[in-house]
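Participant: I'd like to ask some things about the structure below.
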Amino acid sequence: MQLGLAFVFSGNTHVAEWSLKSLMAVGYLAIFGSVVGYFCYHYALKKVTATEVSILSYFNTIIALFLGWLILDEIVTVDIIIATALIILGCSSQIIRNKKYRPILV
């Protein structure tokens, strides 16, 4: 689907110029980013509530930012730090709210 959209919206789609490395990266992302990610998401749904699983997706952004800074020497700006703090604040408030109002089964 994404390759189809790339052909439609990009003016420079010269397939002959694609390297083996870039094609392997697309294949890697298709397998590990989609298939393995889906199975992990499905497994997590069996173990915790849907709300807690959806909160995990927000932490993926923070992990990606940290790994980009650590491995690729990406620049962390004040905006990124504020956004990370807001994500952590929002997720923690949701977790605290869920624990506070969780019904007690007797």
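The values are calculated or read from the model by the stated rules, or taken from the named source; none is laboratory data. What you see is a predicted model; the values in this text were computed from it and never measured. Cβ atoms come from the backbone with ideal geometry, glycine included; neighbour counts cover every protein chain shown. Heads up: the accessible areas ignore ligands, DNA and RNA and are worked out on the full protein's heavy atoms, side chains in. Shrake-Rupley method; radii C 1.70, N 1.55, O 1.52, S 1.80 Å.
Participant: Select from GLU74, GLU17, GLU52 the residue whose mean-square fluctuation is largest in a Gaussian network model of the chain (Cα-Cα springs shorter than 10 Å).
Facilitator: GLU17
Participant: Please report, in Å, the Rg and the Dmax of the stretch 10-106, where both are computed over Cα atoms only.
Facilitator: For the stretch 10-106, the Cα radius of gyration and maximum Cα-Cα distance read 18.9, 67 Å.
Participant: Another question about this same structure. What net charge do the residues around CYS91 carry, taking every other residue with its C-beta under 12 Å from that of CYS91, with Lys and Arg at +1 and Asp and Glu at -1?
Facilitator: On the way: positive: ARG97; negative: GLU52.
Residues near CYS91 contribute 0 overall.
Participant: To the nearest 10 Å², what's HIS42's accessible area with a 1.4 Å probe?
Facilitator: 80
Participant: State whether the stretch 1-42 is rounded, prolate or oblate according to the following rule on the C-alpha gyration tensor (a ≥ b ≥ c being the square roots of its eigenvalues): a/c under 1.5 gives rounded; otherwise a/b larger than b/c gives prolate, and the remaining case gives oblate.
Facilitator: Because a/c hits 1.5 or more and a/b fails to exceed b/c, the stretch 1-42 counts as oblate.
Participant: Hey, another quick one. I want to verify a result. In a Gaussian network model of the chain, Cα cutoff 10 Å, which of these has the top mean-square fluctuation: VAL36, VAL78, VAL53?
Facilitator: Highest fluctuation of the listed residues: VAL78.
Participant: For the chain, set up a GNM with springs between Cα atoms under 10 Å and report which of ALA83, ALA25, ALA16 has the largest fluctuation.
Facilitator: Per the Cα network of the chain with a 10 Å cutoff, ALA16 tops the list.
Participant: With a sphere of radius 11 Å drawn around the Cβ of VAL53, what net charge do the other residues whose Cβ falls strictly inside it have (Lys, Arg +1; Asp, Glu -1)? Walk me through the numbers before you get to the answer.
Facilitator: Values: positive: LYS46, LYS47; negative: GLU52.
Summing Lys/Arg as +1 and Asp/Glu as -1 gives +1.
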